[in-house]
Amino acid sequence: MRQPGGKRGAASTPIFGSAPNPTALARGHCQPWHLAILLPLSLRFSRFVDGEADRRASTGPPEGFFTPDCNADREEAEVQLELHQGSARRHHDIGRDTAPHGVLILPGLDDSGPRHWQSAWSRLPHFRRVDFAEWERPRLHDWVPRLDRAVREHPRPLVLVAHSLGCIAAAWWAALSWSEAFREKVCGALLVAPPDIDDEDIEIRLRDFRPLPRLRLPFPSIVVASRNDPFCRFARAQEIASAWGSDFVDGGAIGHINSDSPIGPWAQGLPLLARLSGHNGNLLVAELGLRTAFA
């Protein structure tokens, strides 16, 4: 008999008993040789599946897998990011004690309203807002002691995040109240849109903070300025940053970097904060997005 594609010869002999009967297979009849093959295979497959499940449970999802764990009904949504490098698994829980530094938010004149990026940032864990109380009629001799008390009472090493007149208050605090005791407490400052309070056209309510303090700040700092800020010329902002020993960042043409600016919660500023605070900037951006979405 010639086999298809083979040579003439004797009929092949099945290894396990009789040859399979196609009709029996079609009818669902099971032959002994079927079990001899399928049973060991099924056991091996079962062990493989169990082993693979155990392996994945121990190593976690593939590298870069992102699983936010949040509940919209919770007042404070928590983000859990699972980052993987090979088989090493690391969990980052924002809002717990993984953040190396706290943050003190220093608003400016009239406080920062609900649409201001500082109000959005205030929802982040370990971010505290300084209550200067006299928002409409600010006085230097009121604001500096309040900032000093807020720094002393904060339980963590911290970074200052100031806007507008809050930047001037931070600079005056550093000039008037700084001591070596603060060196391990205040690790930096993000100073956004400082106004030129020496300008003759500046709003009269800001003039109690004159003259502009020009002492070099005793901690790392970043000044962010806008190219069309109505309260400070761009070149003047560069001069202020130089006097304070601050790194300077061009924020673009976005006004006074406040609630009237087209920046929303200003997530672009969080990586700048991360440079000073040791936070993971990407995690802060993710957390800010969730908290503003659930607000």
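Ranked by how many other Cβ atoms sit within 10 Å of their own Cβ, fewest first, the residues Phe182, Phe127 fall in the order Phe182, Phe127. Which of Leu276, Ile105, Leu191 sits closest to the plus end of the dipole of region 100-284, meaning its Cα is farthest towards the positive end, when Lys and Arg get +1 and Asp and Glu get -1 on the C-beta? Projecting each Cα onto the dipole axis, the largest value belongs to Leu276.
Neighbour counts of C-beta atoms inside 10 Å place Glu239, Glu134, Glu200 in the sequence Glu200, Glu134, Glu239, starting with the fewest.
Each value in this text was obtained by applying a stated rule to the coordinates, not by laboratory testing. Remember, it's a predicted structure, so these values are computed and weren't measured experimentally. A quick note on method: Cβ atoms are made from the backbone with ideal geometry, for glycine too, and the neighbour counts reach across all protein chains shown.
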